[in-house]
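Q: Questions regarding the structure given below will be posed in turn.
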Amino acid sequence: MTRTRKKILEILETAETPLSALGVEARTLSSCDTATVYRSLHYLEEQGLADSFVLFCREHGTERYYVANSAKHRHWFHCEVCHRFVDLGECRVEPLLSQMEAATGVRIRSHTLYATGTCADCLHAGQQAASRSHQEGEYPRQGE
Ligand SMILES: [Zn+2]
Ligand SMILES: [Zn+2]
Ligand SMILES: [Zn+2]
């Protein structure tokens, strides 16, 4: 494996969240150009060293995100407010997939699942803002 590919694999392995190609490029401190990053990611995925999924979000549009395959297979949540990834933990859908295999006779090789919505921090911030405006409504300012 070339040094660049090794480095990019290392970036994926040490990342705490899935990374887009641009995110990977940023972590190479721009020592790799975009085309090299894309080619290397493609190579790593072909070799089964990396995995990717495509996620749509209004802020970023449709983007492909990469994770290293050395990490335990897990699923991710993307917050539509702050655009962070939250680790949902180890895969718990495998028993369900086995049932689907048994019911349909297909052989499942891989699956993709991600969730989107509002993260705990953003939910909390939203609740605070809502209760503030509620209070302002309840108690009109004096002297008006
Ligand atoms: Zn959030
Ligand atoms: Zn986003
Ligand atoms: Zn899974």
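Q: Could you list all residues from the stretch 91-144 that are modelled with pLDDT under 90 and of a type in the set (S, T, N, Q)?
A: S110, T112, Q127, Q128, S131, S133, Q135, Q142
Q: On to the next question. Let me spell it out: the conditions are (1) within 16 Å of ligand 1 (Cβ to nearest atom); (2) in contact with a His (Cβ under 9 Å, 6 or more places away or on another chain); (3) assigned by TED's automatic domain parsing to the domain that holds G117, and E59 meets all of them except one. Which number is the exception?
A: E59 satisfies every listed condition except (3).
Q: Identify the residue in the stretch 86-115 that is within 16 Å of ligand 2 (Cβ to nearest atom) and farther than 23 Å from G48 by Cβ and, among all such residues, is surrounded by the fewest Cβ atoms within 10 Å (Cβ to Cβ).
A: Across the stretch 86-115, the extreme among qualifying residues is A115.
Q: Name the one entry in L88, L55, L19 that is touching a strand residue (DSSP E or B) at 6+ places or on another chain (Cβ under 7 Å), away from ligand 3 (no atom under 16 Å from the Cβ) and either of a type in the set (F, W, Y) or in contact (Cβ under 8 Å) with a residue 12 or more places away in the chain (or both). First the steps, then the outcome.
A: Working: L88 fails: away from ligand 3 (no atom under 16 Å from the Cβ); L55 fails: away from ligand 3 (no atom under 16 Å from the Cβ).
That would be L19, the only listed residue that is touching a strand residue (DSSP E or B) at 6+ places or on another chain (Cβ under 7 Å), away from ligand 3 (no atom under 16 Å from the Cβ) and either of a type in the set (F, W, Y) or in contact (Cβ under 8 Å) with a residue 12 or more places away in the chain (or both).
Q: Could you check how many residues of the stretch 1-56 are among the polar types (S, T, N, Q) and over 17 Å from H73 (Cα atoms)?
A: Within the stretch 1-56, residues that are among the polar types (S, T, N, Q) and over 17 Å from H73 (Cα atoms) number 9.
Q: If I filter the stretch 72-85 down to residues being surrounded by 12 or more Cβ atoms within 10 Å (Cβ to Cβ) and more than 12 Å from ligand 2 (Cβ to nearest atom), which single residue comes out as nearest to the chain's Cα centre (by Cα)?
A: H75
The values are calculated or read from the model by the stated rules, or taken from the named source; none is laboratory data. Model, not experiment: these values are computed from the prediction. Cβ atoms come from the backbone with ideal geometry, glycine included; neighbour counts cover every protein chain shown.
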